[in-house]
1. Please list 3J(HN,Hα) in residue order for region 174-179, calculated via the Karplus relation 6.51 cos²θ - 1.76 cosθ + 1.60 where θ = phi - 60°; whole Hz, with x for glycine and proline.
2. Would you work out the relative contact order for region 94-136, in percent, from Cα pairs under 8 angstrom that are 6 or more residues apart?
3. Would you mind checking K141/K169; K83/K141; K77/K176; K130/K176 for any pair whose Cα atoms are more than 22 angstrom apart?
4. Under 5 Å between amide hydrogens, which residues at least 5 positions from I101 or on another chain qualify, with H placed 1.01 Å from N in the peptide plane?
Amino acid sequence: MKTTRLLLLMLGIVSSARAQLEPGSWYTGACFRVAMNSSNSGDNHSTNFIINPGTFYTINDHWGAGGMLSYQTEIDKTGDDQKNTTSSYSVLPGVRYYGQISERVNCYLQGLLGIGGGTTKYEYDGNESKTNNFSWGAGIKPGIMWNIRDRTYLDFSYGNLSYNHTTYKNPDTDDKSTSSDFLLDLNTWSLSLGLYYAFGGKKGEY
């Protein structure tokens with residue numbers, strides 16, 4: 001409940017405040033996230049790593065446009081004899097709507113479209129198999145940019161609301177299957193951290 005109230009407060013600030021970033025400025029950098037989980041029994045372990053390099057351009061006081069690339073690796077282990085490894089890549093064009101919390105802290109709401117693909121390798125009791133996947137979708141997420149020094153910003157984002165459609169294909173048999181997911185993710189591990197550097201605009205405003 002506290003997390004939901006925090007997100008609603010952030011969205012309210014975004015809708016009513018003025019952006020801090022100068023129109024005509026670019027900022028480029030990357031966000032990353034690392035998550036590790038294990039079950040209560042200790043037999044199931046999951047590790048997830050995501051990195052999103054990206055560039056955005058500030059169009060006016062509130063709006064920015066740009067995009068990200070995404071690379072994700074997820075490893076799931078069950079006991080000592082089963083391991084599933086998924087590697088995927090995505091292209092994510094999108095927009096951001098900004099608000100200002102303080103002189104050095106901006107909040108934003110980010111909307112992204114995504115298209116990409118990847119491979120999952122299954123290892124079980126000495127045997128291996130693979131599945132290729134192709135996915136597309138869209139999502140929105142809130143975040144905060146903190147101007148820590150000159151033109152350098154830390155980027156924090158948490159949670160997302162997304163829709164994804166994925167097609168899976170076995171390369172050996174050509175068998176296909178699909179899945180569609182509409183997800184509100186408020187898991188603690190959905191927190192990501194980024195670092196951006198701004199170019200252009202008026203240097204004195206940073």
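1. So the Karplus estimates, Gly and Pro as x, are 6, 5, 10, 8, 10, 8 Hz.
2. On the way: 56 pairs, mean separation 13.2, N = 43.
Answer for region 94-136 is 31 percent.
3. Check vs 22 Å cut-off fails for K141/K169; K83/K141; K77/K176.
4. Excluding prolines and chain starts, which carry no amide H, the hits are N106, C107.
A short reminder: the numbers here are calculations on the coordinates, not readings from a lab. Keep in mind that this is a model prediction, so the values were computed, not measured.
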